[in-house]
Amino acid sequence: MGLGTYKNSFKNCTRRMLSTTFILTAGVSLAGISPSAFAQTQAQTSFSVPAGSLTQALNVFGRQSGLQITYLASVAAGKTSKGVSGNVSREQALSSILQGSGLTYSFPNATTVAITQPNEASSGATAADGSLVLNTITISSGGVIGSHDDTYTTAGSVSYVSAQEIEQRRGTSAGDFIAGIPGVLSGDTRNSGAIDVNIRGLQGQGRVPVVIDGATQEQTVYRGYNGARSGSYVDPDFIGEVSVEKGPSAAADGSGAIGGVVRMRTLNAGDILLPDRQFGVRIRGGFNTNSTTPPDVLTPGGMAGGSYQAGKQPTTRDGGNMDRPGFFDPTGGNGSIAAAFTTDYIDVVGAYAKRKNGNYFAGKKGGGQPYFVDRTTDPDFPNIGYEGLSPWKGGEEVLNTSMENESVLLKSNIRFGDDHALELSYMSYSSEFGEIMPTRLGTHTSAIGGFQSEPDTLDLKTYNARYKWTPDNDFINLKINAFRTDMDHRATNLLTMFGTTTTSVHYAQTIRDGITVSNESKIDFIPGEFRLEYGGGWQRETVGLPKNLDDQKWVIDHLEFPPRSGKRTEKNLFVNGTWEITPQWTATAGLRYSDFRTSDDNYSLRAKGNWPNFSYDLIPGQVSHVTGNGWSKNASLSWEPITDLQLYGRYSDTMRMPSIFETLSGFSTAYLPLDIKPEQARTFELGANKTFEDITGNDDRLRLHIAYYNNHIDDYLTRSNIIYKNPVFGNIWGLGMTNLDYAKMTGFELSADYQIGNLTAKLGWNHAITSLFCAHPGSLWKQDDLCSEGGFTNSYALQHVPPKDTVSAEFAYKMLEDRLTLGTRISYYSHRFAESKAETTSEIQPGKWRPYTLVDVYGSYAFNEATRLDFAIDNLTDQYYMDALNASLMPAPGRTFRMNMTAKF
């Protein structure tokens with residue numbers, strides 16, 4: 001399909017999709033609302049709530065009354081309030097604020113007020129703890145797994161991303177939606193369809209698990225000479241919210257999570273249903289620009305040079321496709337439909353999503369773009385190469401950046417008895433995405449160039465069962481989560497040598513089964529309030545060639561190296577105590593025991609024939625085992641000396657058991673010692689949360705979170721050039737896994753949130769103070785300096801060293817009675833904390849980028865509570881830049897326009 005045909009097809013598809021959306025939602029309107037009578041009390045408070053937006057009035061009332069206000073955001077959207085002023089009761093204040101809105105309120109408890117439409121409260125279901133669930137109410141600043149308030153009220157570093165923010169930030173690549181979270185980055189996000197999260201310099205191998213509805217699915221993929229990538233996969237349209245915990249986690253799902261945990265919740269009925277509805281449908285459709293259909297395999301791109309005989313035509317290539325589409329030309333699209341049904345006893349959700357986007361185009365402005373240089377040393381054979389961050393020119397199509405995904409979600413939440421709930425879910429994710437081995441692109445100063453490679457295919461299935469038992473009993477709050485993830489990833493690599501193109505494949509199927517059990521008990525005989533959480537977890541991973549190969553012999557003959565094959569089991573038991581000694585002082589402490597065992601099948605390949613027509617036999621070896629165990633400890637103390645000020649300190653001594661990738665033999669890790677040790681992370685964090693009210697006298701609010709962190713990881717596990725003994729040659733070296741003496745990352749982060757009237761401003765900043773990796777004497781080949789700030793030769797850690805500074809500032813303004821929101825996000829990424837340079841092209845090339853600043857703008861318009869239009873311009877200034885933590889020489893997308901329409905009915 002040509003570019004013109006491709007663009008026209010997307011235009012037509014987009015027109016039909018948007019037309020259908022508007023037709024389906026044209027009849028949706030707000031139901032009639034009538035006011036309710038309110039009870040009065042004698043307690044009075046001085047209120048000064050200005051007239052204007054109802055949402056703003058409720059926010060101000062919440063701050064002045066000290067109450068937590070909960071409501072569905074769409075209920076208040078577009079409504080106004082006359083405000084209230086004077087010494088009145090909180091009920092009288094609410095009556096005045098809500099007058100004319102048609103809304104009512106209730107007090108679920110002494111500190112919470114719920115804003116609803118009439119009769120909403122009576123339409124709820126009975127929760128597992130016996131309380132009434134108002135099925136149309138959500139916390140205005142958050143959801144089920146977290147809220148924005150958590151950042152400024154938790155004795156630790158946490159962040160939250162709502163579904164609306166995911167829509168604003170979704171960008172072009174899978175990991176774009178986490179941009180702007182202090183200390184959090186996505187690694188090598190342009191050359192894969194995966195999310196590989198880096199928190200404060202820690203990344204991969206379970207250091208930062210991504211947990212989706214209680215299930216983990218991480219798979220590590222070999223990336224040639226440039227290391228390995230750990231990835232998780234999910235469609236943004238299925239994400240209901242995201243919570244990020246930074247630093248070691250003591251939670252039931254946090255075993256080995258020395259860097260942090262990213263938790264995601266998929267859609268539930270509350271994300272789909274309109275207020276006071278038992279059945280509903282959500283349709284979402286949209287398009288993006290700045291992309292094109294991928295060309296044929298082996299189509300070249302990027303700048304390339306080479307050596308040629310004097311007087312002959314130079315063997316150079318000055319870029320590839322520069323035919324960038326117009327700014328508003330739809331060239332990629334996405335669509336999803338989700339339906340939900342709810343009763344007093346069951347919620348059911350079904351959803352389908354599809355998205356397709358071609359290769360994107362790089363930005364045109366900014367430094368680091370490639371240019372030719374003359375490296376001639378022999379006048380008879382001139383040599384032309386290039387300098388720059390990447391072979392791709394500004395404004396050029398960046399090959400191998402396409403994706404085509406199809407996803408299905410089925411989910412039910414069953415409530416039975418007065419205190420039992422069971423959630424069952426199934427999610428499938430099928431993807432074909434562009435990917436190329438980073439080494440095929442060459443190094444930063446090579447004369448090699450890029451080409452279109454075969455896309456990867458991935459098929460992922462996730463099965464979840466989550467049970468809760470919460471009777472009216474202080475000793476029982478039981479949760480049992482069980483899951484299975486089945487990931488089939490098939491990568492094809494192409495290499496041209498001496499005019500012959502050969503195909504090699506890396507196929508792997510990873511099946512992960514897991515279960516966690518936890519219970520929380522309240523202990524009354526201890527002064528204050530004391531809660532004890534205890535339980536355990538079990539996981540089993542099996543890795544090998546996919547089981548349903550169409551032609552197993554063909555696959556074996558085209559393997560690039562013997563497949564990693566084996567299984568790994570990890571178990572843990574934990575206990576955590578939380579003691580609220582007084583309203584001002586809270587202490588926590590916890591203990592966890594973990595052990596693991598990996599069984600390695602030790603496959604090898606026996607070659608027959610001659611290159612390039614090799615045939616192989618896959619030979620199983622003698623099964624070997626790697627085991628380990630250890631204890632993790634944690635403790636924290638928080639103090640609130642005055643209202644709206646919280647000071648805290650946290651210490652964790654956490655063990656991470658080696659992952660299955662680190663304990664199975666395979667190409668590039670031929671040396672795999674059986675005495676591999678678990679990592680032991682000793683992490684210390686000091687922090688403060690502070691809220692300032694009414695700073696300017698205009699009822700504004702400023703919230704601050706600041707934290708200093710110190711990560712010291714003994715026996716840090718990575719790959720490098722390892723010295724080992726050979727019975728014939730004595731000491732030699734090879735690529736293998738090794739425990740360093742230690743690694744250390746320190747820094748501080750700041751989160752700030754300021755609100756005044758309809759304006760919201762947010763700031764996030766992470767500053768790295770230390771990045772250090774230190775080896776044992778005599779463990780690494782030709783390594784005189786035992787410590788390095790940027791990682792050692794051929795170490796995976798070379799790809800994990802973050803920028804020295806990352807800063808994100810966001811401004812949003814609401815207008816037209818809160819229907820229209822306009823915002824901008826300005827992000828700055830400094831240089832890599834420590835520069836490292838590989839000596840040869842056969843070594844890991846550390847990610848390299850220049851400091852860059854991005855400007856994104858976004859907007860949202862709510863026609864009513866059922867229909868919303870979201871739009872955004874990513875990279876407004878069309879910068880040419882390389883992402884921080886890139887492992888592939890692929891510049892990021894240039895200026896891109898996105899639009900999505902969401903309708904509920």
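The values are calculated or read from the model by the stated rules, or taken from the named source; none is laboratory data. Everything quoted here is computed from the prediction, not taken from an experiment. Every residue, glycine as well, gets a Cβ built from its backbone with ideal geometry; the counts of neighbours run over all protein chains shown.
Here is the figure for region 177-211: residues that are among the polar types (S, T, N, Q) and within 20 Å of residue 680 (Cα to Cα) total 3. Pairs linking a residue in region 814-835 that is acidic (Asp, Glu) to a residue that is in a strand (DSSP E or B), with Cβ atoms under 9 Å and 6 or more positions apart or on different chains, are 817/52; 817/53; 817/80; 818/53; 818/80; 818/862. Considered as a group, the residues in region 86-136 that are of a type in the set (Ser, Thr, Tyr), touching a Ser or Thr at 6+ places or on another chain (Cβ under 8 Å) and at pLDDT below 50 include one that is surrounded by the most Cβ atoms within 10 Å (Cβ to Cβ), and that residue is 136. Looking at this structure, is residue 322 within 25 Å of residue 854 (Cβ to Cβ) and under 27 Å from the mean Cα position of the chain (by Cα)? So residue 322 does not fit the description; no.
For residue 399, state whether it is surrounded by 24 or more Cβ atoms within 10 Å (Cβ to Cβ) and more than 22 Å from residue 265 (Cα to Cα). Yes: the conditions hold for residue 399.
Here residue 792 fulfils each of the conditions (1) crowded, with 19+ Cβ neighbours inside 10 Å; (2) within 27 Å of residue 171 (Cα to Cα) apart from (2).
Of the residues making up region 598-655, those that are among the charged types (D, E, K, R), under 30 Å from residue 557 (Cβ atoms) and either part of a loop (DSSP other than H, G, I, E, B) or in contact with a helix residue (DSSP H, G or I) (Cβ under 8 Å, 6 or more places away or on another chain) (or both) are 600, 601, 617.
Given (1) assigned to a strand (DSSP E or B); (2) surrounded by fewer than 17 Cβ atoms within 10 Å (Cβ to Cβ); (3) among the aromatic types (Phe, Trp, Tyr), where does residue 561 come up short, assuming only one miss? Of (1) assigned to a strand (DSSP E or B); (2) surrounded by fewer than 17 Cβ atoms within 10 Å (Cβ to Cβ); (3) among the aromatic types (Phe, Trp, Tyr), only one is false for residue 561: (1). Determine if region 216-231 includes at least one residue that is at pLDDT 90 or above and over 12 Å from the mean Cα position of the chain (by Cα). The answer is yes; a qualifying residue exists. Residue count for region 564-588, restricted to those that are assigned to a loop (DSSP other than H, G, I, E, B) and surrounded by fewer than 16 Cβ atoms within 10 Å (Cβ to Cβ): 4. Screening the candidates 702, 647, 686, 674 for the property of being farther than 22 Å from residue 181 by Cβ, at pLDDT 95 or above and either out of contact with any Pro (no Cβ under 6 Å at 6 or more places or on another chain) or outside the structural domain of residue 811 (by TED's automatic domain parsing) (or both) yields one hit, 647.
Restricting attention to region 609-632, does a residue exist that is under 30 Å from residue 66 (Cβ atoms) and surrounded by fewer than 21 Cβ atoms within 10 Å (Cβ to Cβ)? No, that holds for no residue. Here residue 297 clears all of (1) surrounded by fewer than 24 Cβ atoms within 10 Å (Cβ to Cβ); (2) under 22 Å from the mean Cα position of the chain (by Cα) except the condition numbered (2). In region 813-830, which residues are more than 14 Å from residue 871 (Cα to Cα), touching a Phe, Trp or Tyr at 6+ places or on another chain (Cβ under 9 Å) and aliphatic (A, V, I, L, M)? Those that are more than 14 Å from residue 871 (Cα to Cα), touching a Phe, Trp or Tyr at 6+ places or on another chain (Cβ under 9 Å) and aliphatic (A, V, I, L, M): 816, 826. Evaluated against (1) of a type in the set (Val, Ile, Thr); (2) closer than 30 Å to residue 415 by Cα; (3) modelled with pLDDT of 75 or more, residue 80 falls short on exactly one condition, (2). Taking (1) over 23 Å from the mean Cα position of the chain (by Cα); (2) surrounded by fewer than 21 Cβ atoms within 10 Å (Cβ to Cβ); (3) charged (D, E, K, R) in turn, residue 347 satisfies each apart from (2). Quick check: anything in region 365-384 hydroxyl-bearing (Ser, Thr, Tyr) and within 26 Å of the chain's Cα centre (by Cα)? Within region 365-384, none of the residues are hydroxyl-bearing (Ser, Thr, Tyr) and within 26 Å of the chain's Cα centre (by Cα).
Taken together, 797, 812 contain a single residue that is more than 26 Å from residue 439 (Cβ to Cβ) and buried (at least 18 other Cβ atoms within 10 Å of the Cβ), which is 812. Residue under question is residue 572, and the condition is that it be at positive phi and of a type in the set (S, T, N, Q); does it hold? Taking the combined requirement at face value, the residue does not satisfy it. Tell me, which residue of region 31-71 that is under 15 Å from residue 112 (Cβ atoms), in contact with a strand residue (DSSP E or B) (Cβ under 8 Å, 6 or more places away or on another chain) and outside any helix (DSSP H, G or I) is modelled with the highest pLDDT? Per the stated criteria, the residue is 69.
Here residue 601 meets the list (1) surrounded by 19 or more Cβ atoms within 10 Å (Cβ to Cβ); (2) in contact with a Phe, Trp or Tyr (Cβ under 9 Å, 6 or more places away or on another chain) almost entirely, failing just condition (2).
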